[in-house]
Amino acid sequence: MERDVVLKADKVCKIYGANRAEAERMMAAGHTKEEVQKKTGATVALWDVSFEVNRGEVFAIIGLSGSGKSTIIRCFNQLLRPTSGHVYVEGRAVDSMSKKELLELRRHKVSMVFQNFGLFTHRSVLENVAYGLEVRGLSKTECAERAMEFIDMVGLKGWEQSPIHSLSGGMKQRVGIARALTSDPEVLLMDEPFSALDPLVRSEMQFELLKIQRKLGKTILFITHDMNEAFKLGDRVAIMRDAKIVQIDTPEGMTTNPADDYVRQFIGSADKTQVFTAQQVMIGHVCLVQEKDNPSNALRQMQREGFSSAYVVDNRMRLLGVVTAESAVEARQKSRPLAEYIERDVISVPPDKLAGDIIPLTVGARFPVAVVEEDGTLLGIITKAALLSCVS
Amino acid sequence: MSKWIEEYILQFPKAWEFRLGDSVDAAVKEFAVRNRDTLGAIKSSVISVIGAIRGTLEGIPWIVLVLAVVALAWYLTRRWRVGVAYGLMLVFVGCSGLWGHMLQTLSVVIASVVLCVLLGFPLGVLLTMSPRANRVLRPVLDTMQTMPSWVYLVPAVLLFSTGTTPALLATTIYAIVPMVRMTSHGLLYVDAEMLEAARAFGSTRMQTLIKVQIPQAKPTIMAGVNQTIMMAMAMVVTCALIGANGLGMEILLATNQVQVGKSLLPGIAIVIVAVILDRLTQAVAKRSEVQPDGA
């Protein structure tokens, strides 16, 4: 199947400041953005940025602040004009459009969702959502009718007459999304739309966006600084750094094949280990033996439950250590008490420790990490497998 | 030699002084003479407009005016006490025998504020839309604002002799500055993302101005109207010097006769009118405020 390219950036550069020519020469010679800034005073916001976005695709651009991601997205509706290079929407060069063509593009083809919502605070929800139709000159009833359809879609039915300030952050951005959808555009430009929302609302909105995307099949250019968000939403992801694109790939491709350390570091920031705690990843089912058990009992216990080692606790469930099957066998042969064979160098962590902080502890550890409450009570264990499953 | 030092070094050289003032005087006088008919027509129309405003104000029974102020104050502030206080203050003005003078003063204030808004608002918009107009007009506005208010009196008299017409001219020139400034300031400092949104959804410049900038700037513009009213009020009083009748004239007459009590009452009346106008317009400005979009 032939690819249907909707958005295309071709060698786009954006340089602010007086000494542009010199800045361009320096960048071409391979100097960094900082060096150019220091030497010429010019700020390079974009350098040689090229990518293509296919119809119906969600293309996420991720980068830290100042990486140029907000600049490139604004080139697609000419809120900003590239210094050099070209930006195409459905094959037409946006940068050479006349004023009238540009208005048409903004009214019909490309709409935008903003980080801080960019809502018109003097207007009601309905008037905000209908804005794009209103400037086209559609009749009031038609505006309201079509706006209502999208207010309904984002789940704000019943709120259409409310003033903006009465809405929560998540609801405000729903208005922002409805406003962008109402003009039935081909392309949605989303500039960190969920960054101003708190985490719970953010994931709810991400889910909502995916739902809408599945329903309407828009082409979405999505800017974010959150790797999790980029991987969750993006069919493909571009990483930007210092005005340049570092890598473009699918989330899977980028994870397995990061272009450089910077990308690797970014992907590192995406793992769930900074979210999950020991209690959440631990396994509650542990082979337990009492310290006064005799070795044969302990062995039988291990056999029955399919473990090669058992965690030894006292009569109040406080962790004492681990006995392996081998040492239990030895104890039985020499008929010594089990207590003499307890290995006490088991690593234990409190239940609220982050999974990410446990990973280094497991390196070279002989036994799974024990999760232990403050008073020493054993709650569960964390195997390497459990840790790995939370990373991926 | 010593004479030369005395004339050119110790003192500022007399020979270098030029008579700019004189030539400006001559030019304005010449202009006034040459355009006597036009100026006369302007003058008579101004007099009839202000006369009409005054006539309307005088046609309103005093009790209606007082009650209107009480009701308006209650409507804007939702506090009965405020309304009643304003009403009593107006009654005090009447008791001081200054009701008619107050209406005279008010009629010039109203006329000049209307003029200031009609001229100042479009000027403010122009300042916002055109950087070039901004470059030209800013220093003019600065000069107008810092110039002592008396300076406007003389050319106004040269053009329109004495009376309400030059008073209106001087007052308008003096009071228009905050209207222009606040309009342009309000329009310029609309939230950047909101302006981007307006552009991104395909607004023309005019649509952005009318649908987003002006509504957003409304509180600032209303604050400009408030300041303009206060400045007009102050200037109208000063205009007693060029023969504008009203409260200012009462003060001037009493001062000339060194009658402390007689000058005190119109002074208090001016304060009363100013306070009421200020509070009422401020309340209007506050009501037009859009709740900030606290994210």
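At-a-glance table
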read-out	value
Residue among B:Val28, B:Val24, B:Val33 that alone is under 22 Å from B:Val157 (Cα atoms), free of Cβ contacts under 8 Å to residues at least 60 places away in the same chain and touching a Pro at 6+ places or on another chain (Cβ under 9 Å)	B:Val24
Residue within segment A:325-342 that is under 16 Å from A:Ala365 (Cβ atoms) and out of contact with any helix residue (DSSP H, G or I) (no Cβ under 8 Å at 6 or more places or on another chain) present	no
Pair list, Cβ < 8 Å and 6+ apart or interchain, from segment B:156-175 residues that are at negative phi to residues that are of a type in the set (Lys, Arg)	B:Leu158/B:Lys29; B:Phe160/B:Lys43; B:Thr165/B:Lys43
Options A:Arg55, A:Arg92, A:Arg107; residue that is surrounded by fewer than 21 Cβ atoms within 10 Å (Cβ to Cβ), of a type in the set (Lys, Arg) and in contact with a Gly (Cβ under 6 Å, 6 or more places away or on another chain)	A:Arg107
Residues satisfying the stated conditions in segment A:322-348, i.e. under 22 Å from A:Val372 (Cβ atoms) and touching an Asp or Glu at 6+ places or on another chain (Cβ under 8 Å)	A:Val322, A:Val323, A:Thr324, A:Ser327, A:Leu338, A:Ala339, A:Tyr341, A:Ile342
Residue that is within 9 Å of chain A (Cβ to nearest Cβ), of a type in the set (A, V, I, L, M, F, W, C) and within 29 Å of the chain's Cα centre (by Cα), where the choices are B:Val212, B:Val177	B:Val212
Any chance B:Gly202 is at positive phi and either touching a residue at least 24 places away in the same chain (Cβ under 8 Å) or within 9 Å of chain A (Cβ to nearest Cβ) (or both)	yes
Residues satisfying the stated conditions in segment A:138-166, i.e. within 10 Å of another protein chain (Cβ to nearest Cβ) and closer than 23 Å to A:Leu189 by Cα	A:Ile164
Residues (of a type in the set (D, E, K, R) and either closer than 12 Å to A:Thr277 by Cβ or touching a residue at least 60 places away in the same chain (Cβ under 8 Å) (or both)) located in segment A:340-389	A:Asp352, A:Lys353, A:Asp357
Failed item in (1) out of contact with any helix residue (DSSP H, G or I) (no Cβ under 6 Å at 6 or more places or on another chain); (2) within 30 Å of A:Glu104 (Cβ to Cβ), with A:Glu186 passing the rest	(1)
A:Leu64 part of a loop (DSSP other than H, G, I, E, B), away from chain B (no Cβ under 14 Å) and touching a Lys or Arg at 6+ places or on another chain (Cβ under 8 Å)	yes
Search result, residues across segment A:34-49 that are of a type outside the set (A, V, I, L, M, F, W, C), farther than 14 Å from A:Val246 by Cα and outside any loop (DSSP other than H, G, I, E, B)	A:Glu34, A:Glu35, A:Gln37, A:Lys38, A:Lys39, A:Thr40, A:Thr43
Any hit, segment A:84-95, residues being of a type outside the set (Asp, Glu), within 14 Å of chain B (Cβ to nearest Cβ) and farther than 27 Å from A:Gln206 by Cα	yes
Any hit, segment A:110-125, residues being more than 12 Å from chain B (Cβ to nearest Cβ), within 29 Å of the chain's Cα centre (by Cα) and either surrounded by 20 or more Cβ atoms within 10 Å (Cβ to Cβ) or modelled with pLDDT of 95 or more (or both)	yes
The lone exception for B:Thr143 - which of (1) hydroxyl-bearing (Ser, Thr, Tyr); (2) farther than 25 Å from B:Ile50 by Cβ; (3) outside any helix (DSSP H, G or I) it fails	(3)
Where B:Val258 falls short, out of the listed (1) assigned to a loop (DSSP other than H, G, I, E, B); (2) surrounded by fewer than 18 Cβ atoms within 10 Å (Cβ to Cβ); (3) within 14 Å of chain A (Cβ to nearest Cβ)	(3)
Residue within segment A:136-149 that is at pLDDT below 95, assigned to a loop (DSSP other than H, G, I, E, B) and in contact with a Gly (Cβ under 6 Å, 6 or more places away or on another chain) present	no
Any hit, segment A:172-183, residues being assigned to a strand (DSSP E or B), in contact with a helix residue (DSSP H, G or I) (Cβ under 8 Å, 6 or more places away or on another chain) and either within 12 Å of chain B (Cβ to nearest Cβ) or of a type outside the set (Phe, Trp, Tyr) (or both)	no
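Residue-wise test of (1) surrounded by 18 or more Cβ atoms within 10 Å (Cβ to Cβ); (2) over 17 Å from B:Leu127 (Cα atoms); (3) at the interface with chain A (Cβ under 10 Å from one of its Cβ atoms); (4) of a type outside the set (Phe, Trp, Tyr).
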position	(1), (2), (3), (4)
B:Ala192	no, yes, yes, yes
B:Thr220	yes, no, no, yes
B:Ala254	yes, yes, no, yes
B:Leu265	yes, yes, no, yes
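The values are calculated or read from the model by the stated rules, or taken from the named source; none is laboratory data. Nothing here was measured: the structure is a model prediction, and the numbers come from that model. Please note: Cβ atoms are built from the backbone with ideal geometry, for glycine as well, and neighbour counts cover all protein chains shown.
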